[in-house]
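A short worksheet on the structure shown next.
The values are calculated or read from the model by the stated rules, or taken from the named source; none is laboratory data. Nothing here was measured: the structure is a model prediction, and the numbers come from that model. Here Cβ is always computed from backbone atoms with ideal geometry, including for glycine, and neighbour counts include all displayed protein chains.
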Amino acid sequence: MDPIKVAVNGALGKMGQEVLKVLCREPDMEPIGAADIRAANSTLSLPDGAGSIPLSNSLENILKGAQVVVDFSNAEGAMSAIRTATARKVNVVIGSTGIAETSVEEAKSLSLEHGVGIIIAPNFALGAVLMMHLARVAGRFFDYVELTEIHHEAKIDAPSGTALAIARAAVEGRGGPFIAPKAEKEILPGTRGGVHEGVSIHSGRMPGRVAHHELVFGTLGQTLTLRHDSINRESFMPGVAMAIRSVVKSPCLTVGLEKVLGLE
C-alpha cells in the first residue's frame, strides 16, 4: 500500500516539527510539503536527515499530491488551511486551539460540500482524550467540580481548549450544570476562576509545564480526582498518527478523537 502523503501547516513551530518527526518514522506516511508564514527558504530539511521537502509561506503552493494537511498553527491559520485544503479535495487534521463554534460549523459545511474528511481535536494525547471520556462517565454522580489547567508560559489562550472540552464532557454526563458556590467575600477578584455551566476553571501559565489538567469532583464525604499530564510534545504524536490514518477513510467532520478511539 502506498504511504499517505501529508503536508504540514505551521511546520516551523514546535508542534509542526514534532509532526514531521512522526511522519518520517511511520512507514505508512510520507511528508511531501511544509508551509509556515515565517518561511524564508524554499525547502525544509527533514528531521531524520532523509532529504528535504518544499517549503512555502503559502499552503496552496505545497498541496500538489497531498492527501492530508496537518495544521498546528493557530485558530485563524487553521480555518485558512481548512478552506484551502478542502477546496482541493485534501483531508485535514487540525490541532490548533481556540477554534470558535462558528468555525466548526463552517468546517462541517466545507466537509460536506467537498466530500473530504476533517478532524478537529482539542488534544491529541490519548490520556487526555480518555480523561474527557471519564469526566463524562463520572459527571452524573457528582454535584460539584473544579478544573485546573496549567500550560507553558507561551500559550496564548486561557482556558485551554482541552479544559473546555473536559468541562463540557462533565456537564454532558451530568445532564446539566454543576453547583458552583460563590464566595461571600471575594477578596481578590477572579479567585474562583471562570465558570462554565457550574464548572469552575482555573488557568496557570509557567515555564516547565507542557500541559496539565486536573478535574476534582466532590460530594458528601468524598472527592474523585482525574488528572492528566503531557510531559513533552511527543505525547501528542500517537494521536496525530491515528487521526491521519482515520481522516482519509471518513469523509465527514469529526470533533475530538473519541470516535477514532472507539469511545463513542
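Annotations
- Selection within segment 109-126 - surrounded by fewer than 16 Cβ atoms within 10 Å (Cβ to Cβ) and either of a type outside the set (A, V, I, L, M) or in contact with a Lys or Arg (Cβ under 6 Å, 6 or more places away or on another chain) (or both): SER109, GLU113, GLY115
- When residues of segment 1-20 are limited to those that are more than 15 Å from SER52 (Cα to Cα) and free of Cβ contacts under 8 Å to residues at least 40 places away in the same chain, the one surrounded by the fewest Cβ atoms within 10 Å (Cβ to Cβ): MET1
- Among the residues of segment 21-53, the ones that are in contact with a strand residue (DSSP E or B) (Cβ under 6 Å, 6 or more places away or on another chain) and either crowded, with 16+ Cβ neighbours inside 10 Å or in a helix (DSSP H, G or I) (or both) come to 11 in all.
- Of all positions in segment 144-153, at least one carries a residue that is buried (at least 23 other Cβ atoms within 10 Å of the Cβ), within 25 Å of PHE236 (Cα to Cα) and either hydrophobic (A, V, I, L, M, F, W, C) or not assigned by TED's automatic domain parsing to the domain that holds LEU220 (or both).
- Across segment 148-158, the number of residues qualifying as closer than 19 Å to GLY256 by Cα and modelled with pLDDT of 95 or more comes to 1.
- For segment 39-75, the tally of residues that are within 28 Å of GLU106 (Cα to Cα) and not aliphatic (A, V, I, L, M) stands at 12.
- Failed item, numbered, when THR84 is tested on (1) farther than 23 Å from GLY161 by Cβ; (2) of a type in the set (S, T, N, Q); (3) at pLDDT 95 or above: (1)
- Qualifying positions in segment 68-81 - surrounded by fewer than 21 Cβ atoms within 10 Å (Cβ to Cβ) and either in a loop (DSSP other than H, G, I, E, B) or of a type in the set (Val, Ile, Thr) (or both): ASN74
- Enumeration of residues in segment 84-103 that are over 11 Å from the mean Cα position of the chain (by Cα) and either surrounded by fewer than 16 Cβ atoms within 10 Å (Cβ to Cβ) or part of a loop (DSSP other than H, G, I, E, B) (or both): ALA87, ARG88, LYS89, VAL90, ALA100, GLU101, THR102
- Yes/no for ALA135 being at pLDDT 95 or above, small (Gly, Ala, Ser), farther than 16 Å from ALA243 by Cβ and not in a strand (DSSP E or B): yes
- Among the residues of segment 104-131, the ones that are farther than 20 Å from ALA170 by Cα, part of a helix (DSSP H, G or I) and not small (Gly, Ala, Ser) come to 8 in all.
- Condition check for ALA135: farther than 23 Å from GLY10 by Cα, in contact (Cβ under 8 Å) with a residue 24 or more places away in the chain and small (Gly, Ala, Ser): yes
- Within the span defined as segment 104-115, one or more residues are touching a strand residue (DSSP E or B) at 6+ places or on another chain (Cβ under 7 Å) and among the basic types (Lys, Arg).
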